[in-house]
1. Near the amide H of Asn51, under 5 Å away, which other amide H atoms are found, from residues 5 or more places off or on another chain, if H is placed in the peptide plane?
2. Label 7 Å along Cα→Cβ of Met22; region 91-127 residues with amide nitrogen under 18 Å?
3. Counting helices only, and only those DSSP H runs with n ≥ 4, report the 222 nm mean residue ellipticity of the chain as the sum of -39,500 (n - 2.57) divided by its residues, in deg cm²/dmol to the nearest 500.
4. List Met78, Met22, Met112 from most exposed to least, where exposure is judged by having the fewest other Cβ atoms within 10 Å.
5. Give, in nm to one decimal, the length gained when the segment between Lys73 and Glu176 is fully stretched (0.36 nm per residue of separation minus the Cα-Cα distance).
6. Between Val108, Val52, Val152, which gets the highest mean-square fluctuation from a Gaussian network model of the chain, Cα cutoff 10 Å?
7. Roughly speaking, what is the stretch gain from Ser169 to Ser88, that is 0.36 nm per residue apart minus the C-alpha to C-alpha distance, in nm to one decimal?
8. What percentage of all Cα-Cα pairs in region 23-178 are separated by more than 25 Å?
Amino acid sequence: MFKYFLALLLLTNLLIAKENSMNIYDFKVQTIEGEEISLSKYKGKALLIVNVASECGLTYQYEGLEKLYQKYKKKGFMILAFPSNQFSNQEPGTNKEIKFFCKSKYDVHFDMFSKIEVNGEGADPLYKFLKKEKGGFLGFDAIKWNFTKFLVDKNGKVIQRYSPSTNPSKIQGDIEKLL
């Protein structure tokens, strides 16, 4: 019985160690074109991961996000945008429509991904991980609204979570520390 207990304890510790060693490179996502990729593609880059929407009062942040991307991309910075329709139906379009909107209205060049859920049972595994790593206000993990932002260092560790209302320009100093 004691051997069984020790084996179970060892297995539990190994699982906890594996969970604690996870980073964003352990996840696969779909590009806005529908191609599955591993986030390991971004190893060695600082990342800003953002849930976005085209019909939101904060949609203007695409402009600031693009400015950040253009300013720091040559220094190893990337923005990963994940459309979500979970907040007042503010991203109702198809992936193709979302991509067209972002390119034509804001001339977005950073990487866009397929529409996902960021909260609830159907939340994308990446977002479950991000929320676990950096909880929200007063310990509530749920994403409150479109344009919640997560800053990730070059080793895939989630460093900071920013509220939807945080203007992208206010994040510059934190990005510069990671580059």
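1. Correct list: Phe82, Phe147, Thr148.
2. Answer for this model: 117-127.
3. On the way: 5 runs with 59 residues, N = 179.
Counting only the DSSP helices, I get -10000 deg cm²/dmol.
4. The fewest-first ordering by Cβ neighbours comes to Met22, Met78, Met112.
5. Numbers: separation 103, 0.36 × 103 = 37.08 nm, distance 1.14 nm.
Working it through step by step, the gained length comes to 35.9 nm.
6. Val108
7. Gain in length upon complete extension: 26.6 nm.
8. So the pairs more than 25 Å apart make up 20 percent of the total in region 23-178.
No lab work stands behind these numbers, since they all come straight from the coordinates. As the structure is a prediction and not an experimental result, all values here were calculated from the model. No Cβ is skipped: glycine too gets one built from the backbone with ideal geometry, and neighbour counts run over all protein chains shown.
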